[in-house]
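*Asks:* This is the structure, below, for whatever I ask next.
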Amino acid sequence: MSPELFGSGPNIPQPLKHKIFVSYHHGGDQAYYNAFSKAFHDSYDVIYDNSLERQVDSDNVDYVRRRIQENYITGTSCTIVLVGKETWGRKYVDWEIEATLDREHGLIGVYLPTAARSADNKITVPGRLYDNIQSGFALWLSWQQITASAAQLERYLAEAKTRSPKRIINTRDRRLRNA
């Protein structure tokens, strides 16, 4: 009997993997990105910026922003921002969030166990992400919530993609240097 009769042949379409962009501080949160990617590689096509500073090799802010949008954000439906200790002050994270909002894609902020906290225990996040959490456009989740299961992640992605773009706030000045 042919294996095609049981759905294992080359002509059987594979389920479409949703593409999500993950923005994070490479120097501080690479291990969390690696864990996220490993946990969900079967369910999602996880895209990240591959250290844009080295790949783009330009000081022209508009050119770099355009490359982010065209090469990394286009084709995805949602951006997940992993927020660790120094994420709030990274210019490329700001630009990736800005490009996501320009495209009206879903946005999810995820606070990591390493996230910077103020004296009153509030987490410090990138300003543009903060604006959109406050407006109700972006979801704000913990590392434990986002990594609980593929089914739970799918629900969060679906929710983020259905948020009204009328809630988007993308008016901050672009961060021009790292903090």
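The values are calculated or read from the model by the stated rules, or taken from the named source; none is laboratory data. None of these values were measured; they are calculated from a predicted model. Don't worry about glycine lacking a Cβ; one is built from the backbone with ideal geometry, like all the others, and counts go over all protein chains shown.
*Asks:* Pairs needed: first member in segment 139-159, among the small types (Gly, Ala, Ser); second member anywhere, at pLDDT below 95; C-beta distance under 6 Å; at least 6 residues apart or different chains.
*Replies:* Partner pairs satisfying both residue conditions: ALA150/SER43.
*Asks:* Considering only residues of segment 125-162 that are in contact with a Gly (Cβ under 6 Å, 6 or more places away or on another chain) and within 23 Å of HIS41 (Cβ to Cβ), which is surrounded by the fewest Cβ atoms within 10 Å (Cβ to Cβ)?
*Replies:* It comes out as LYS161.
*Asks:* Taking segment 163-179 as the search range and keeping residues that are among the basic types (Lys, Arg) and modelled with pLDDT under 95, which one is surrounded by the most Cβ atoms within 10 Å (Cβ to Cβ)?
*Replies:* ARG175
*Asks:* Inspect all residues belonging to segment 101-124 and state whether any of them is at pLDDT 95 or above, among the β-branched types (Val, Ile, Thr) and touching a Gly at 6+ places or on another chain (Cβ under 9 Å).
*Replies:* no
*Asks:* Within segment 114-167, can you find the residues that are in a helix (DSSP H, G or I) and aliphatic (A, V, I, L, M)?
*Replies:* Answer for segment 114-167, where residues must be in a helix (DSSP H, G or I) and aliphatic (A, V, I, L, M): LEU129, ILE133, ILE146, ALA150, ALA151, LEU153, LEU157, ALA158, ALA160.
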